[in-house]
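Report on the following structure.
All of the numbers you see were taken from the coordinates with simple rules; none came from a lab. Quantities reported herein were computed from a predicted structural model and do not represent experimental measurements. A quick note on method: Cβ atoms are made from the backbone with ideal geometry, for glycine too, and the neighbour counts reach across all protein chains shown.
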Amino acid sequence: MACSGYQPDNTFFVESDEISQRMTMRDAARMLARNKQEMIANELSRLACDEYLEDIMQHMRQMEDETLPDANLIDMQREIQWYMRPYLIDFLVEAHSAFSLLPETLFLAVNLLDRYCSKRVVYKQHYQLVGSAALLIAAKYGDKKDRVPQINELNNMCCGLYDAGMFTQMEMHVLNTLEWNIGHPTVDFFTKLVVAEEHDSREVEHMAAYICEIALYHRDFVSTKPSVMARASLALGRAILGKPEVNDGEWDHSDNVTLLTLSQHLHQPSVILARKYSSQYYSRVSDKLADFLAQQAAIARRAVPPSPPAESTLSNKAQDIYSTPHKGLGAVPGVADGYMTPPITPDGTCFGQNNAAMKDYQMPPRCPVTPTPQPSHGTLYPQTHVPQQQQPHTMAGPTYFGAPSHMSY
């Protein structure tokens, strides 16, 4: 029986202002509780940091001594030459940026690469494979799981030179060679500590990071401690940006030498690295460094009278930052035959020098091959990282540095 006085309630499925206000108050209370928990956690972390900071720093300084590569042992390599290093570092910088990995991952990867080359003799065609395995290990160690590169992605960036089994085997061999001692306090770790303590700006931090990555290209800094590199790069970054100096009272002779050597290696940075730090995210520090160097050069030209042509030519050659000597077997006295050399790269189906698969491998199109030094032109670092000519009597298989320009990741 119908009720004549019934009127439908059209607000049954409409959220009233009272319910919305109640939910808003509940969310606000939940947010306040979360903020309170974060404040308590931060305070506990600060107290714990103050209590254990000395022990943490002592452990880190012990670790940086134990995990420091030896450039003199890398000099003993028969096929790996220092002029090849900029090409491989360029490849690692591009791969690191393509996968959006953490800054410390790049420094850890280069540390693993150098430590491996200090212990094993690496064939020329395996140099990029060792670098890729080091980047893969470093990403797995400290980066986010969803950003760790896949083997097929690394293989694509290597122009398909290697197969999946070679990446896996080299990764395991690097770990076994280093006795699974991966933990290394990178220069990024010490830089963040100093920045937090001295309250440096983001611009100074980015300039220091740019200088530290420039140092990765040079032999002079392979055996430099990360803590020394961090202090020197920050001091140099403040000077370039016109920031006030910081006197922390910890400077010694090694810091002064590192600072002076860094200042001599800033004139011709890698094109790929300069492009990376020219973005707004990195405060365009590469452009600011280029402007600073141009200003210093103009001041020097006004202050110093012109020198004779012969002397100016010699001074220009002295500023070549990649003029490292090309060594042979007798570059280090006593090394040629009588010195105990590190163990060789493992033989097998993947790493053998006489591997049939490597001999029958067809070169992918448009992939630049391993650069070879040109005796008549010195060791100047080319603007485009594509070598002009491959020498006919190199190793069995070529090594590829970087992907073709038409590939995207």
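Would you please classify the overall shape of the range 187-303 from the alpha carbon gyration tensor, given that a ≥ b ≥ c denote the square roots of the eigenvalues, rounded means a/c under 1.5, and beyond that prolate means a/b larger than b/c while oblate covers the rest? Because its axes are fairly even, with a/c under 1.5, the range 187-303 counts as rounded. In the calculated pair-distance distribution of the range 71-177, the portion above 21 angstrom amounts to 28 percent of the Cα-Cα pairs. Over what distance in Å are the Cα centres of the range 259-281 and the range 140-163 separated? What the calculation gives is 26 Å, centre to centre. Note on the range 187-303: lysine pairs with Cα distance below 18 Å, sequence gap of 8 or more or different chains, count 4.
Normalising the average separation of contacting C-alpha pairs (under 8 angstrom, six or more residues apart) by the number of residues puts the relative contact order of the range 71-177 at 31 percent.
Placing pseudo-labels 7 Å out from each Cα toward the beta carbon at Asp55 and Asp70 gives an inter-label distance of 3.3 nm. Put simply, the amide H of Val121, placed in the peptide plane, has neighbours under 5 Å in Ile344, Thr345, leaving out anything fewer than 5 places away on its chain. For the range 206-245, a simple Cβ point-charge model (Lys and Arg +1, Asp and Glu -1, everything else neutral) yields a dipole of about 80 debye relative to the Cα centre. Its Cα centre serving as origin, the range 120-198 has a Cβ charge dipole (Lys and Arg +1, Asp and Glu -1) of approximately 180 debye.
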